[in-house]
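Where a number appears in this text, it was derived from the coordinates with a stated rule and is not lab data. Owing to the predicted nature of the structure, the values given are computational and were not obtained by experimental measurement. Here the Cβ is made from the backbone with ideal geometry for all residues, glycine too, and neighbour counts use every protein chain on show.
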Amino acid sequence: MQCTGKENCSCTYTSCSRRGNCCQCVAYHKDKNQFPACFFSPEAERTYDRSLAMLLKDRNL
Ligand code: SF4
């Protein structure tokens, strides 16, 4: 995976040390059975709920 840097990151948790480092971001959330911010709509992303349940709700699945 090629990291594209903070300018392309859709995460609004700006103090996170993993912003712009996609490999660390994915690994962090994978360990928690979660998904990174970029999987969510802007509205759902702002809840900071990265769960599968939120992802399915966000995608109307
Ligand atoms: S999605 Fe999670 S790990 Fe990734 S930058 Fe945002 S808060 Fe950090």
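Numbers for the structure displayed
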item	result
Selection count, segment 5-37, where residues are hydrophobic (A, V, I, L, M, F, W, C) and either more than 7 Å from the ligand (Cβ to nearest atom) or touching a Leu at 6+ places or on another chain (Cβ under 7 Å) (or both)	5
Residue match in segment 48-60 (condition: hydroxyl-bearing (Ser, Thr, Tyr) and either more than 8 Å from the ligand (Cβ to nearest atom) or not in a helix (DSSP H, G or I) (or both))	yes
Residue match in segment 31-40 (condition: in contact with a helix residue (DSSP H, G or I) (Cβ under 7 Å, 6 or more places away or on another chain) and small (Gly, Ala, Ser))	yes
Cross-chain or 6+ apart pairs with Cβ under 6 Å, segment 38-55 first and touching a residue at least 24 places away in the same chain (Cβ under 8 Å), then not in a helix (DSSP H, G or I)	CYS38/SER10; ARG46/THR12
